[in-house]
Amino acid sequence: MGRFRKKITALAAVTTTSILLMSAACGNISAVNAAESTGPTITVGVESNVPGLSVQHGERWSGFNVDVAQYVAQGLGYAPKEIIWKNVPIDQRAQMLNNGSVDMIVGTYAITPEHQQNVDFAGPYLIGGQQLMVAKTNSSISGVASLPGKSVCTASGSLPAHIIISTFGNKVTLVQLPTYAQCVTALLSGSVDAVMADGIVLAGLKKTKGDGYLKIVGKPFTRDDFGIAVKKNSPDLISQINRTLRQMINSGVWRSDFESAMAGTGYTLNEQWNKPSQLDAQDSDETVQWNGVDT
């Protein structure tokens with residue numbers, strides 16, 4: 001963490017104008033190997049196959065999470081060539097932070113009491129909610145109340161996996177695969193009845209992998225505050241990340257990057273819902289809103 005303190009001390013020299021200029025580089029971002037950089041580096045963890053949010057194309061990365069991560073890293077004083085991108089599987093996030101494999105993670109990492117036992121969070125940088133995706137011909141699942149007796153796939157170690165286990169127990173057959181994209185493949189093959197993930201994640205997957213055979217059903221039934229994860233006991237780093245996020249949001253870059261990343265997915269930005277109004281890493285409300293439905 002020494003290099004963070006060095007960079008944060010130098011942050012005072014980075015003006016808002018320079019950060020806004022740096023944001024113009026967002027979009028398709030080249031991967032950097034440690035050997036290619038001659039100065040200090042920052043290793044950023046993202047998922048490699050979440051269309052709209054973070055996708056790896058050979059040595060290039062794209063998506064809203066990638067744009068946010070680059071903006072934040074540059075706000076901390078790192079040039080693009082000093083950013084090292086690394087794929088982080090959902091079920092290895094805390095481990096990779098704590099063993100030093102990555103310095104921060106920007107993904108659909110919900111700020112919850114359980115997650116806060118292992119990592120600290122800046123943000124949130126994005127707010128979403130869990131939904132379901134099913135085959136377009138499926139009329140038996142219209143929302144979470146329809147799930148008992150069904151099989152549902154989600155990513156291993158994810159928030160929806162926790163929701164399914166804690167809410168339904170053995171009433172629902174839970175299938176956990178390494179990525180949400182693999183769950184979509186299982187859904188298309190008929191191996192599972194539904195996929196549960198954040199609606200933003202599902203929208204990107206539906207566009208790129210659904211091939212017109214899938215649909216998203218029901219309204220979001222949780223509020224998920226997604227934060228930027230760092231090692232425990234990193235208050236100075238969190239403060240600087242939040243300062244940069246606030247600049248990104250207030251400048252309009254946050255909105256333009258999100259809309260660009262989600263273009264064509266059918267997901268419409270709702271600023272009152274998706275855009276954080278406070279950057280204080282408050283715990284997400286991961287309680288499913290059943291509205292009186294007996295599960």
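Among what's in the range 146-173 and is out of contact with any Phe, Trp or Tyr (no Cβ under 9 Å at 6 or more places or on another chain) and hydroxyl-bearing (Ser, Thr, Tyr), pick the residue that is surrounded by the fewest Cβ atoms within 10 Å (Cβ to Cβ). Per the criteria, the residue is 166.
Suppose the filter is more than 14 Å from the chain's Cα centre (by Cα) and among the β-branched types (Val, Ile, Thr); does residue 167 pass it? It is true that residue 167 is more than 14 Å from the chain's Cα centre (by Cα) and among the β-branched types (Val, Ile, Thr).
Quick check, is residue 213 among the aromatic types (Phe, Trp, Tyr), within 29 Å of residue 137 (Cα to Cα) and more than 18 Å from the chain's Cα centre (by Cα)? Yes.
Matching residues to (1) surrounded by fewer than 23 Cβ atoms within 10 Å (Cβ to Cβ); (2) within 23 Å of residue 188 (Cβ to Cβ):
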site: 92; (1), (2): yes, no
site: 95; (1), (2): yes, no
site: 105; (1), (2): no, no
site: 110; (1), (2): no, no
site: 124; (1), (2): no, no
site: 140; (1), (2): yes, yes
site: 144; (1), (2): no, yes
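Just one of the listed residues (281, 263) is modelled with pLDDT under 90 and under 18 Å from the mean Cα position of the chain (by Cα), and it is 281. Here residue 189 meets each of (1) more than 30 Å from residue 71 (Cα to Cα); (2) in contact with a Pro (Cβ under 7 Å, 6 or more places away or on another chain) with one exception, condition (2). Condition (residue is in contact with a strand residue (DSSP E or B) (Cβ under 7 Å, 6 or more places away or on another chain), closer than 29 Å to residue 97 by Cβ, assigned to a loop (DSSP other than H, G, I, E, B) and not assigned by TED's automatic domain parsing to the domain that holds residue 262) applied to the range 112-128: is it met by at least one residue? Checking the range 112-128: not a single residue is in contact with a strand residue (DSSP E or B) (Cβ under 7 Å, 6 or more places away or on another chain), closer than 29 Å to residue 97 by Cβ, assigned to a loop (DSSP other than H, G, I, E, B) and not assigned by TED's automatic domain parsing to the domain that holds residue 262. Consider residue 220 carefully, then state whether it is within 23 Å of residue 127 (Cβ to Cβ) and buried (at least 24 other Cβ atoms within 10 Å of the Cβ). Taking the combined requirement at face value, the residue does not satisfy it. Residue under question is residue 148, and the condition is that it be at pLDDT below 95 and not hydroxyl-bearing (Ser, Thr, Tyr); does it hold? Criteria not met by residue 148. Residues in the range 222-272 that are closer than 27 Å to residue 207 by Cα and touching a strand residue (DSSP E or B) at 6+ places or on another chain (Cβ under 6 Å): 222, 224, 225, 226, 227, 228. Taken over the range 262-279, the criterion of being crowded, with 16+ Cβ neighbours inside 10 Å and part of a helix (DSSP H, G or I) is satisfied by 262, 274.
Of all residues in the range 139-194, how many are among the hydrophobic types (A, V, I, L, M, F, W, C), under 21 Å from residue 225 (Cα atoms) and either in contact (Cβ under 8 Å) with a residue 60 or more places away in the chain or not in a helix (DSSP H, G or I) (or both)? Residues in the range 139-194 being among the hydrophobic types (A, V, I, L, M, F, W, C), under 21 Å from residue 225 (Cα atoms) and either in contact (Cβ under 8 Å) with a residue 60 or more places away in the chain or not in a helix (DSSP H, G or I) (or both): 4 in total. Entry remark, the range 178-189: residues being under 16 Å from residue 132 (Cβ atoms), surrounded by fewer than 21 Cβ atoms within 10 Å (Cβ to Cβ) and out of contact with any Phe, Trp or Tyr (no Cβ under 9 Å at 6 or more places or on another chain) number 1 in total. Answer yes if at least one residue in the range 34-49 is at positive phi and in contact with a strand residue (DSSP E or B) (Cβ under 9 Å, 6 or more places away or on another chain), and no otherwise. No, the range 34-49 has no match at all. The single condition among (1) assigned by TED's automatic domain parsing to the domain that holds residue 54; (2) modelled with pLDDT of 95 or more; (3) closer than 20 Å to residue 88 by Cβ that residue 201 does not satisfy is (1).
Scanning the range 195-213 for residues that are touching a residue at least 40 places away in the same chain (Cβ under 8 Å) and assigned to a loop (DSSP other than H, G, I, E, B) yields a count of 3.
The values are calculated or read from the model by the stated rules, or taken from the named source; none is laboratory data. Since the structure is predicted, the reported quantities are computational estimates derived from the model, not experimental observations. Quick reminder, even Gly has a Cβ in these numbers, built from the backbone with ideal geometry, and neighbours come from all protein chains shown.
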